[in-house]
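Here the structure is laid out as structure tokens; the discussion comes afterwards.
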Amino acid sequence: MNKDVIIACDFSTQEQTLTFLDKFQDVKPFVKIGMELFYACGPDFVKTIKSRGHKIFLDLKLHDIPNTVKKTMHVLSMLDVDMCNVHAAGGIEMMKYAIEGLTRPDGTRPLLIAVTQLTSTSEDMLHNELLIGNTMNDTIVHYAKNAKNAGLDGVVCSPLEAGEIKMQVENDFLTITPGIRFEDSKKDDQVRITTPALAREFGSDFIVVGRPITMADDPVAAYKKCCQEFIHKL
Ligand code: C5P
């Protein structure tokens, strides 16, 4: 699996998104479409971006009963995206059904990734609100193992957790890591941040980068800088 930089297109309108993507002339970055853009602009807009030559990570984080997730994944499989995700908290059976739904009649399917614990969940919340007695680290590793057992391809995690997950699950199990900042850029609301170069060292397979690229004075130059640091290309 080749490493890649995924740009988080956290916009709420088609106009903003296309104005941003139009800046990229000689290269077509892998992009992440999240709930905001999907619910605002709909499935046809996903097809529009795909037809412009971008790979797409559709970040909708499905979490429901197995049958509903399977049927929804079947619908998403027809959008021809490259990566989808679910919450590992939905359980092994739900994740297995997700794969079934996502698999197209010709046997191909997008990559399927699990969210283990959201980075907005603190250790305190885990124990006192969700009543999960294990540590955050043990919970994340256990959920990652469940995802692997269900046949998923990887997890979303912090670059700081990527090495441990690969060691405890499997080296080829993909780690998709947000929380990326350049040495000299603002942290925004991210807490545990890593540069693209360090994410590479920690073993991330894909970095997800939003504001350091979307809010940069020169987004194309910022994207290329990410690629140079993370995949030594462009
Ligand atoms: O702008 P920034 O680089 O912080 O954007 C990171 C992207 O990754 C956002 O779309 C955010 O929702 C997503 N994300 C995250 N942390 C997670 C999962 C997803 O920052 N644990």
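The values are calculated or read from the model by the stated rules, or taken from the named source; none is laboratory data. Just so it is clear, the structure is predicted and the values come from calculations on it, not from any experiment. So basically every Cβ, Gly included, is an ideal-geometry build from the backbone, and we count neighbours across all protein chains shown. Surface areas here come from the heavy atoms of the whole protein model, side chains and all, with no ligands, DNA or RNA. Shrake-Rupley method; radii C 1.70, N 1.55, O 1.52, S 1.80 Å.
A few notes on this one:
- Where labels lie 7 Å past Cα in the beta-carbon direction, separation of Tyr39 and Asn67 in nm: 2.6 nm
- Region 95-118 and region 69-86 have their alpha-carbon centroids 7 Å apart.
- Spin-label model, Leu131 to Met167: label points 7 Å out along the Cα-to-beta-carbon direction sit 3.4 nm apart.
- Accessible-area order (highest first, 1.4 angstrom probe) of the listed residues Met125, Met136, Met167: Met167, Met125, Met136
- Full extension of the chain segment joining Thr19 with Ser122 gains 33.4 nm, where the gain is 0.36 nm per residue of separation less the Cα-Cα distance.
- Look at the dipole of region 1-151 built from charges on Cβ: of Gly107, Phe20, Ala89, the Cα furthest out on the positive end belongs to Gly107.
- Pair His232, Asp218: separation of 7 Å Cα→Cβ label points (nm): 2.4 nm
- Reachable lysines, given that their alpha-carbon falls under 17 Å from the alpha-carbon of Lys187 and they are not under 8 places away in the same chain: none
- Set Lys3/Lys96; Lys23/Lys50; Lys28/Lys186; Lys28/Lys71; Lys71/Lys96; Lys70/Lys166 screened for pairs whose C-alpha atoms are more than 24 Å apart: Lys3/Lys96; Lys28/Lys186; Lys28/Lys71; Lys70/Lys166
- Between the C-alpha center of region 146-217 and that of region 19-53 there is a gap of 21 Å.
- Accessible area in square angstrom per residue, region 18-98, 1.4 angstrom probe: 46 Å²
- Within the accessible surface of the chain, defined with a 1.4 Å probe on protein heavy atoms only, the carbon and sulfur portion equals 50 percent.
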